[in-house]
């Protein structure tokens with residue numbers, strides 16, 4: 001998981017980064033609202049969350065950030081319990097309010113939970129055509145049979161699944177999986193994995209296509225034609241085909 005930390009104080013930032021690393025959370029540290037504004041002008045969806053630290057007027061910043069977050073959870077960090085500040089933060093668009101010092105594993109769990117709710121995926125699984133997609137780290141399944149994915153394939157698949165119905169750029173996919181753009185050409189790397197994913201998903205679902213290439217923009221995972229998306233609760237019912245329209249008699 002990769003997150004953004006907005007923290008002007010370098011000592012506090014270093015301590016928070018160290019705490020997060022212990023739970024395998026990668027942190028991009030920004031020291032000013034201006035830096036965050038530049039990043040917010042790009043794609044924020046490949047970040048698991050945005051932590052807002054000790055900045056001046058955090059609620060005003062959160063209100064502006066909320067417009068560009070694209071569903072990425074925003075969490076305000078505070079040194080003390082402050083109900084009034086928490087209320088203002090939630091009203092401004094924050095998804096959570098966490099008092100320092102925090103447990104990194106708990107923070108990670110909070111971010112994942114908030115992300116699922118923000119994207120309308122509070123359940124741990126849902127159906128997309130013949131495909132069952134999980135949000136607990138498992139590979140996808142078809143009729144109870146696992147589709148074995150490599151580590152990179154799984155990371156890309158999960159990122160696309162979290163953005164079902166939305167176009168995501170190759171850059172954001174690469175950054176979400178690798179954490180940087182150091183390995184060039186990144187577009188060719190992603191293309192290779194997308195091709196592998198398409199083949200595995202198609203082979204397992206009798207030809208259903210889930211990943212669309214959107215020219216000059218990136219990729220989009222969506223339901224195949226003639227199926228409906230169905231969230232899975234305890235019963236785990238399958239997605240049903242859409243009823244075909246009957247043609248009127250001539």
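The values are calculated or read from the model by the stated rules, or taken from the named source; none is laboratory data. Please read all numbers here as calculations on a predicted model, not as lab measurements. Please note: Cβ atoms are built from the backbone with ideal geometry, for glycine as well, and neighbour counts cover all protein chains shown.
Could you please let me know if residue 201 is at pLDDT 80 or above and in a helix (DSSP H, G or I)?
Working: at pLDDT 80 or above: yes; in a helix (DSSP H, G or I): yes.
When the stated conditions are applied, residue 201 passes them.
Tell me yes or no: at least one residue of region 136-145 is at pLDDT below 80 and not assigned by TED's automatic domain parsing to the domain that holds residue 47.
Here is the first cut: in region 136-145, the residues at pLDDT below 80 are 136-137.
Next cut, not assigned by TED's automatic domain parsing to the domain that holds residue 47 only: 136-137.
Scanning region 136-145 turns up at least one residue that is at pLDDT below 80 and not assigned by TED's automatic domain parsing to the domain that holds residue 47.
Please work out if residue 189 is at pLDDT below 85, over 21 Å from residue 28 (Cα atoms) and not in a loop (DSSP other than H, G, I, E, B). Quick ask: steps written out before the conclusion?
On the way: at pLDDT below 85: yes; over 21 Å from residue 28 (Cα atoms): yes; not in a loop (DSSP other than H, G, I, E, B): yes.
Yes: the conditions hold for residue 189.
Of the conditions (1) out of contact with any helix residue (DSSP H, G or I) (no Cβ under 8 Å at 6 or more places or on another chain); (2) modelled with pLDDT of 80 or more; (3) not in a strand (DSSP E or B), residue 101 clears all except one; give me its number.
(1)
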